[in-house]
Amino acid sequence: MQKGWVKLPFLLLHLVIWGTASVQSSDQIKWTEEKVGYYAVKADQAASQKHWSKAIEYGEHMLRGSSFLYKEDDIEYLNRLKTLNRYYDKAGKLGEVADRVQKAYELSYATLGPRHHISELSRLLYYKLLIAEKNYRTAIPLVQENIKNLSLSKDDAFQRLHYLEQLFSLYGLTGQLEEEAQTILRFLALDRQLVASPLEENLPIIITLAKNYCQRKKIALFQELMQTYGLEYECETK
């Protein structure tokens, strides 16, 4: 009788281990492309109605299934990961999946290259995350990458203007004053070429450049800037 009581826990332990293994195995077997596609469609339907919590719920199933079917550098997995990250962004919860957002950017860049549409959206989401976290220095290479990927078309020229504005702002926030000044000059030159914005529109940017020159004690450049735009600010240096 005593031996029977001793054996029972070992028998139960064996059954628990076997049962756990069976659940894991069946979980792998039940995932098919059709099953993943089902959850992807449900997530997309919820997203189209802006039901972001539901889109995320279905999207999590979609990504889980994808992790069983594909390697992480497979385009199918990267597309699902990018889509789910987008749902979190739309829900205002991008910070909850920060590691995934960075992972999506790094994997898509390495696997698909910077110009693939999955890479472009993954880069945008990573940029938004970095700005929200005030990680401005890490965000700078992403903007530089965006500029590098542009063509010489007129549409891309306007996009370049937008990225240059982002870039000089980031240089200013990180105290890289020489880079800030050079990028502002590039912005102003391109603005004159494309739209020739009136002075009042670019005045805040010009004042930023003036403060930059003053802070760096570039008095000659400061005076030249005042003359170019007919301004009457003074630089007080200690």
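Worth a mention:
- Of the peptides 152-162, 33-43, 96-106, the order by per-residue mean of other Cβ atoms within 10 Å, starting with the highest, comes out as 96-106, 33-43, 152-162.
- Note on the chain: with charges restricted to the Cβ of Lys and Arg (+1) and Asp and Glu (-1), its dipole about the Cα centre is near 900 debye.
- Placing unit charges on the Cβ atoms only, positive for Lys and Arg and negative for Asp and Glu, gives segment 68-164 a dipole magnitude near 260 debye about its Cα centre.
- Given charges at Cβ of Lys, Arg, Asp, Glu: the chain dipole, positive-most of PRO204, LEU81, ALA139: LEU81
- Average accessible surface area per residue within segment 33-118, 1.4 Å rolling probe, Å²: 55
- 1.4 Å probe accessible area per residue over segment 157-238, in Å²: 61
- Of all accessible heavy-atom area on the chain, the percent that carbon and sulfur account for (1.4 Å): 53
The values are calculated or read from the model by the stated rules, or taken from the named source; none is laboratory data. Fair warning: this is a prediction, and the values are worked out from it, not measured in the lab. For neighbour counting, all protein chains shown are included, and Cβ atoms are generated from backbone atoms with ideal geometry for every residue, glycine included. Please note that ligands, DNA and RNA were not included when accessible areas were found on the heavy atoms of the full protein model with its side chains. Shrake-Rupley method; radii C 1.70, N 1.55, O 1.52, S 1.80 Å.
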